[in-house]
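The values are calculated or read from the model by the stated rules, or taken from the named source; none is laboratory data. Computed from a predicted model, the values in this text were never measured in an experiment. Cβ sites come from the backbone with ideal geometry, for glycine too, and all protein chains shown count toward neighbours. Just so you know, the surface numbers come from the protein's heavy atoms only, side chains and all, with ligands and any DNA or RNA stripped out. Shrake-Rupley method; radii C 1.70, N 1.55, O 1.52, S 1.80 Å.
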Amino acid sequence: MKISFYINYFNSAYMVKSRIMKPIQTGCALSKHDLPMLKDNTGDNISVKNASYCELTGQYWVWKNEKDSDYVGFAHYRRLFDFFPERTDRVVDSSGLVIEDRISPDALARYGLTDLAIEQCVAGFDIIVPEPWNVTAFGAKSIHDQYKGAAHHHIKDLDLAGEIIYEKCPEYYPHFQKVMKSEAGFFTNMFIFRREIFEEYSAWLFPLLGELESRIDVSSYGAAERRVIGYIAERMVGVFVSKKLADASDLKVRYLRRLFFRDTSVSASCPPLPVTDLKPVSVVAATDSHYVAHMAALVASVFSNADRNRFIDFMILDGGMTELDRRGLRILESLHPHAKISFIDMSMHFLDIDPHMYFTRATFYRLALPEILYNRDKVLFLDTDAVVLKDVSTVFDTEITDKAAAAVKDVIMASFVTMGVRSMAETGGHPTAKYLADVVGMKSRYDEYFQAGLILFNLARLRDNKLCDKMIADLRRNRYWFLDQDILNKYLVGEVTFLDPIWNSVSLPPGHATTLPADVYDAYLESRKDPAMLHYAGAIKPWNDPQSEFAQYYWFYLRMTLWYEQRLLKLNPSAPSVLRGVTLKHSVASAVWRRLPKFVKRAVFPLATRLDRRL
């Protein structure tokens, strides 16, 4: 028995998702948001009609494009079913709803919004609909009367629907009359139907709504009034079910309470603290499905070089990876005797902020860390386009009690200052020094601008200063050249302990290094001799150009992961036969390397990197 219970979304909200519960974004053709879920604007669709059809554009898409499920149902991200009908302790308000303050995993479980509970509740029934809501609670005499008095509704439109039913499918008209005269009915376009019943309902409903749409004059309607097709469709569920039960009285029907969540805002679950006698090192990085291979290389590098007597508490801010991706990353825990990877779902966060250049939305996630990681006082953030060559516990143990963060000064920005590079046009096109001083707001301290590829955050101090919400609100309101890196510099000026440049060693573009002040230039050259973290900042990445500076380190650690062959094929998709020979050599080399003692690895590391280039 395959059940597909679709949850309609149109903007960012807490995502209810499981094998059975399937989020679908409705009105995609009209939306500025790109939600990480099914879309209603692919295949045969009416997504552009969402302004009047509301969530029905999602139902239409499922009807036309999904044919595999035995049961098909619909609800709304805020309005869901209570799948524990046997419970007698629920309180239903005058609107026929059970009210919950906030949606959460615990709240969902309390109301049976789990695959097992849904399957047990649906099994053996043909039709699942809401408990009928009695409109007399709001002073109406009937469903027809309730529509007549409802805000943004026009009774002539409902009456026109009745006329069309009488013309096009007169066998339904007595049931339309019956429902309109009733005191109670089904609302909010919620149901679960056996497949053949869903097909029959949709085949009846959408031609009816199409005819209704063609006859209603909405030229003088406001936005809420234009939702007329969705309003009327709510009443059509009752008309259809009335006719179906009259024709087949042996159908089994179950009535479920409707559940309403007041607060459906996105929240990220904080991983529990590790249970260990060892001193933990909390590390966090962010990625989405496009950067998962590079995340794997970063994780492999951290675990390979971290102190074996510390517990590595590695957290990944997950912007939309697959379960297969997460499973592949968890395999890397074997590279360290005391390590655990936790995933924090960020897929519905920051959807209203657009990145630019080569940035992805995952870069914004770190701004929320003080609130997400409420049970940790310190965390080391690492950019995903980096590999670590030394023990992260060394930098994690940096004392920053009286500061909000520790980071490395940004030599790239320093070179922009000396070269007079102008910021992007949308930020005023100012010379870098003026941009940092006036737009970012660092004033005379712009030479303290730090690079955000590695930041040791004092989460406790950030929470005390309530900076998280301020930074996010600023990023939503204003345009910045380097996005959240600029925001962090704006709000943390004077609050940063500066680390040795080896902990964020970047490659400057040709001609930039020599423009730096002598002391900065010397520190830059020194950081390249024995880097602790290589940060592949900028547009040139080692996975696109294996000949770029220090690219071999990325490939060395990527070879320890499941994504190595995939990235090789992306570089040379026409040569799988060559790849087979290369990957066999690499697989053997990787297996040998993982079994070597750490002191041996350190001794032969230069040889290993030369071998890497030859392979």
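Brief remarks on what is shown
- Selection status of ASP522, among the acidic types (Asp, Glu), under 28 Å from ASP391 (Cα atoms), open to solvent by 60 Å² or more (accessible area, probe 1.4 Å) and touching a residue at least 60 places away in the same chain (Cβ under 8 Å): no
- Any hit, region 6-14, residues being part of a helix (DSSP H, G or I) and open to solvent by 50 Å² or more (accessible area, probe 1.4 Å): no
- Selection status of LYS141, farther than 25 Å from LEU80 by Cα and surrounded by fewer than 15 Cβ atoms within 10 Å (Cβ to Cβ): yes
- Any pair with Cβ under 8 angstrom, 6 or more apart, that starts in region 323-334 at a residue that is in contact (Cβ under 8 Å) with a residue 12 or more places away in the chain and ends at one that is part of a helix (DSSP H, G or I) and surrounded by fewer than 17 Cβ atoms within 10 Å (Cβ to Cβ): ASP325/SER289
- Candidates MET442, MET471 - the one that is under 18 Å from ASP383 (Cβ atoms) and open to solvent by less than 30 Å² (accessible area, probe 1.4 Å): MET471
- Residue within region 87-106 that is open to solvent by 50 Å² or more (accessible area, probe 1.4 Å), in contact with a helix residue (DSSP H, G or I) (Cβ under 9 Å, 6 or more places away or on another chain), of a type in the set (Asp, Glu) and not in a loop (DSSP other than H, G, I, E, B) present: yes
- Residues satisfying the criterion are present in region 56-67 (criterion: within 27 Å of GLU225 (Cα to Cα), of a type in the set (Gly, Ala, Ser), open to solvent by less than 10 Å² (accessible area, probe 1.4 Å) and at pLDDT 95 or above).
- Looking across region 385-409 at every residue that is open to solvent by less than 10 Å² (accessible area, probe 1.4 Å) and of a type outside the set (Gly, Ala, Ser), the one that is nearest to PHE311 (Cα to Cα) is identified as VAL392.
- Across region 369-424, the number of residues qualifying as in a helix (DSSP H, G or I) and under 26 Å from the mean Cα position of the chain (by Cα) comes to 4.
- Condition met for TRP481 (free of Cβ contacts under 8 Å to residues at least 60 places away in the same chain, closer than 29 Å to ALA532 by Cβ and either open to solvent by 10 Å² or more (accessible area, probe 1.4 Å) or not in a helix (DSSP H, G or I) (or both)): yes
- Residue match in region 18-31 (condition: within 30 Å of SER214 (Cβ to Cβ), without any contact (Cβ under 8 Å) to a residue 40 or more places away in the chain, open to solvent by 60 Å² or more (accessible area, probe 1.4 Å) and not in a loop (DSSP other than H, G, I, E, B)): yes
- Those residues of region 42-64 which are of a type in the set (Lys, Arg) and either farther than 16 Å from GLU213 by Cβ or outside any helix (DSSP H, G or I) (or both), in sequence order: LYS64
- Residue list for region 150-169, restricted to those being outside any loop (DSSP other than H, G, I, E, B) and open to solvent by less than 70 Å² (accessible area, probe 1.4 Å): ILE155, ASP157, LEU158, ASP159, LEU160, ALA161, GLY162, ILE164, ILE165
- Exactly one residue out of ASP307, ASP288 is at negative phi and open to solvent by less than 30 Å² (accessible area, probe 1.4 Å), and it is ASP288.
- Unique residue being modelled with pLDDT under 95, more than 30 Å from GLU213 (Cβ to Cβ) and either of a type in the set (S, T, N, Q) or open to solvent by 50 Å² or more (accessible area, probe 1.4 Å) (or both) when the list is THR136, THR114: THR136
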